[in-house]
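What follows is a single structure, written as structure tokens, with notes after it.
The values are calculated or read from the model by the stated rules, or taken from the named source; none is laboratory data. What you see is a predicted model; the values in this text were computed from it and never measured. Glycine gets a Cβ as well: all are built from the backbone with ideal geometry, and neighbour counts include every protein chain shown. For accessibility, only protein heavy atoms count, side chains too; no ligands or nucleic acids. Shrake-Rupley method; radii C 1.70, N 1.55, O 1.52, S 1.80 Å.
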Amino acid sequence: MLGIVITGHGKFASGLLQAVEQIIGKQVQCMAVDFSEGMTTEELHQMLEAASKDCDLGEGLVFLTDLLGGSPFRQAAQLTLTHPQWQVITGTNMQLAVEMMLDRDDINAVQFLDIALECGHRGLTSLWHEQQKQPPQPPLDIDGI
């Protein structure tokens, strides 16, 4: 099973993990690392490295980050430079996190990336767009059958 480390600014990571576990239950090989106000990037790097070692039991790891180019993304990316079986996803949303927690058993980190991006895109929509997908309803025949 792939390990997962969720990271982001403020309480993004711990909040997302808590929400995921509320929906699908406790997750193994998964940790949240928050980048709290006042924390240095070196402290974040050390916490991500420790969490990664705890979560990767030899099958690879994926970092789920909040913001492209942000400190959590950059620190996770640095760690992947020396661990080719580790990958980074950014722009993580709830749809992606829930679906991928359920699908991480029999795939590698690269396969995870492609599937996760599809999940994330599917979760980014609007009510109007979803309503447009509904097939038009035929008019009711008020005269009977």
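A few comments on the model shown:
- In segment 116-128, of all residues being over 20 Å from residue 77 (Cβ atoms) and in a helix (DSSP H, G or I), the one that is least open to solvent (accessible area, probe 1.4 Å) corresponds to 119.
- In the set 90, 80, only one residue is under 19 Å from residue 112 (Cα atoms), hydroxyl-bearing (Ser, Thr, Tyr) and touching a Leu at 6+ places or on another chain (Cβ under 6 Å); that residue is 90.
- Complete set of residues in segment 1-20 that are surrounded by 14 or more Cβ atoms within 10 Å (Cβ to Cβ), under 13 Å from the mean Cα position of the chain (by Cα) and not hydrophobic (A, V, I, L, M, F, W, C): 3, 7, 8, 14, 15
- Listed by first and then second residue, the pairs linking a residue in segment 13-34 that is in a loop (DSSP other than H, G, I, E, B) to a residue that is acidic (Asp, Glu), with Cβ atoms under 7 Å apart and 6 or more places separating them unless they lie on different chains, are 27/21.
- Any hit, segment 33-56, residues being in contact with a Cys (Cβ under 6 Å, 6 or more places away or on another chain) and under 20 Å from residue 97 (Cα atoms): no
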